[in-house]
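Data block below; observations after.
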Amino acid sequence: MTTFADLGLDPKVLSAVTDAGYEKPTPIQAGAIPPALQGRDVLGIAQTGTGKTAGFVLPMITLLSKGRARARMPRSLVLAPTRELAAQVAENFDTYAKNTKLTKALLIGGVSFKEQDKLIDRGVDVLIATPGRLLDHFERGKLLLTGVQIMVVDEADRMLDMGFIPDIERIFELTPFTRQTLFFSATMAPEIERITSTFLSNPEKIEVARAATTSENIEQGVIMFKASRKDRQAKEKREVLRALIEQEGDACTNAIIFCNRKTEVDVVAKSLVKHGYNAAPIHGDLDQAQRMRTLDGFRDGSLRFLCASDVAARGLDVPSVSHVFNFDVPSHAEDYVHRIGRTGRAGRQGKTFMICVPHDEKYLTAIEALVKNEIPRVENPLGSAAPAPAPEAADEPKSEREKPAPRKRAPRKSAKQEPAAQEAPTPAPDRAPREPQGGQKNNNNNRRSGGGRRDDKVVGMGDHMPAFMTRSFKSPAVD
């Protein structure tokens with residue numbers, strides 16, 4: 001059996017690994033660490049939750065143990081797609097480098113540039129950053145990448161999904177061509193293969209699992225759900241979600257609930273809180289401080305349910321997540337692999353459920369084609385019939401509440417519909433029509449008669465009386 005001591009790591013690193021409670025490396029670690037220590041480029045392909053972070057952090061610390069950083073010129077660079085993943089890499093570095101004098105800086109959005117500039121000015125051995133914030137510092141003239149010896153790209157497929165590939169290519173061009181590159185991804189899209197062939201030199205390829213596979217220790221299930229009415233679909237899905245949680249009982253110690261839209265994340269979290277569940281939302285529209293507080297609460301167990309968008313689907317390392325609920329079927333099949341990879345980590349057992357409405361069946365088909373397995377169908381915990389309507393107006397968005405039927409307008413009365421009793425008597429032929437008081441002309445009559453003649457007047461009590469009915473006519477001559 002391979003141990004960390006067999007991999008050639010620095011004794012100080014081995015001591016930190018032992019203190020962290022790890023005894024043997026995962027397959028991706030055992031495959032990636034030896035060639036990385038030899039200075040070779042590494043292309044690692046492994047599903048989420050297999051320990052890729054330690055696969056590049058441990059050899060990086062060993063390789064950087066000798067040498068000293070200079071101001072504004074980091075010796076190594078780690079690129080991560082999200083703030084949460086970058087912060088997690090920084091935590092791993094602190095854990096494994098505690099017995100060394102290596103320094104780090106974390107460059108992510110939502111944090112003051114001034115504080116980050118101070119760290120860079122002092123010189124850091126490891127720079128951990130998101131692509132956007134890194135380029136911001138570079139363009140401000142606060143950072144030089146010509147001293148980078150080791151460059152790591154983590155969760156490359158997520159970089160592709162988030163549109164960071166042009167930034168990644170630019171950052172590669174700013175670093176020396178002699179650098180060592182460690183490239184990790186859970187899937188290998190054609191665009192990622194193009195980048196690896198361009199910027200990696202004869203890499204050692206470690207593929208410990210077929211791309212886009214799910215862990216065998218994760219029990220999966222999907223509920224095919226159809227609402228009683230289309231306008232009640234979201235509300236009834238929330239009822240199914242709560243029923244699933246109750247059905248799992250004490251086995252569901254904590255869970256991540258994924259939604260496709262940020263607004264839906266807020267609604268689901270609010271609904272769970274309203275029904276007595278300890279839940280909180282996390283998505284890209286929240287400020288960084290709030291996101292970190294929510295994640296810290298979920299990690300330390302003070303928060304049981306984390307309602308998340310896909311910003312938390314990648315790189316969130318909470319080893320003891322018992323369940324993952326997909327409130328929405330992900331529109332990108334690869335996201336399903338990463339979502340459910342939040343559970344069943346480090347050899348633990350995990351369980352996932354997904355609620356699929358008829359509109360999302362095409363996405364479910366794409367997911368099953370990607371993972372090359374049919375996801376088992378499970379019974380609706382509320383029964384085969386849709387849940388009975390229940391008053392839950394407080395946690396429904398206004399757009400989902402039942403709208404009152406539109407009021408119908410009464411048809412406008414025309415001249416032909418006027419009762420005969422309202423007709424004014426026809427004036428005598430020798431009597432001139434009476435002028436209204438104030439000399440004002442009756443505009444209603446003009447409009448109803450086509451507006452052609454403005455000298456036609458209403459006489460008598462002829463309110464709404466058409467002007468042509470007030471005229472006198474001579475009898476035609478009879479031949």
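What the table below lists for this structure:
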| quantity | calculated |
| --- | --- |
| Pairs, first more than 17 Å from residue 185 (Cβ to Cβ) and without any contact (Cβ under 8 Å) to a residue 40 or more places away in the chain in the stretch 22-37, second in a helix (DSSP H, G or I) and small (Gly, Ala, Ser), C-beta under 7 Å, six or more apart | 33/55 |
| From the options 309, 331, 320, residue that is in contact with a His (Cβ under 9 Å, 6 or more places away or on another chain) and touching a residue at least 12 places away in the same chain (Cβ under 8 Å) | 309 |
| Residue that is farthest from the chain's Cα centre (by Cα), among those in the stretch 156-178 that are surrounded by fewer than 19 Cβ atoms within 10 Å (Cβ to Cβ) and in a loop (DSSP other than H, G, I, E, B) | 178 |
| Scope the stretch 348-378; condition of a type outside the set (Val, Ile, Thr), over 22 Å from residue 254 (Cα atoms) and in a loop (DSSP other than H, G, I, E, B); matching residues | 372, 373, 374, 376 |
| Failed condition for residue 220, given (1) touching a residue at least 40 places away in the same chain (Cβ under 8 Å); (2) over 22 Å from the mean Cα position of the chain (by Cα); (3) open to solvent by 30 Å² or more (accessible area, probe 1.4 Å) | (2) |
| Looking only at the stretch 197-212, and only at residues there that are in contact with a strand residue (DSSP E or B) (Cβ under 6 Å, 6 or more places away or on another chain) and buried (at least 20 other Cβ atoms within 10 Å of the Cβ), the one that is farthest from residue 333 (Cα to Cα) | 200 |
| Complete set of residues in the stretch 11-36 that are open to solvent by 40 Å² or more (accessible area, probe 1.4 Å) and either part of a loop (DSSP other than H, G, I, E, B) or within 13 Å of residue 57 (Cβ to Cβ) (or both) | 20, 21, 22, 23, 24, 26 |
| Any hit, the stretch 170-181, residues being touching a residue at least 24 places away in the same chain (Cβ under 8 Å), of a type in the set (Asp, Glu) and under 14 Å from residue 79 (Cβ atoms) | no |
| Which listed residue, of 93, 56, 113, is in contact (Cβ under 8 Å) with a residue 24 or more places away in the chain and either open to solvent by 30 Å² or more (accessible area, probe 1.4 Å) or over 33 Å from the mean Cα position of the chain (by Cα) (or both) | 113 |
| Matching helices (runs of 4 or more DSSP H) fully within the stretch 74-155 where at least 3 residues are among the polar types (S, T, N, Q) | 83-96 |
| Counted residues, the stretch 317-339 - those being part of a helix (DSSP H, G or I) and either of a type in the set (Phe, Trp, Tyr) or modelled with pLDDT of 90 or more (or both) | 1 |
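The values are calculated or read from the model by the stated rules, or taken from the named source; none is laboratory data. These numbers were taken from a predicted model, which means no experiment stands behind them. Because the Cβ atoms are built from the backbone with ideal geometry, glycine has one as well, and the counts that use them run over all protein chains shown. Note: areas computed on protein heavy atoms with side chains; ligands, DNA, RNA excluded. Shrake-Rupley method; radii C 1.70, N 1.55, O 1.52, S 1.80 Å.
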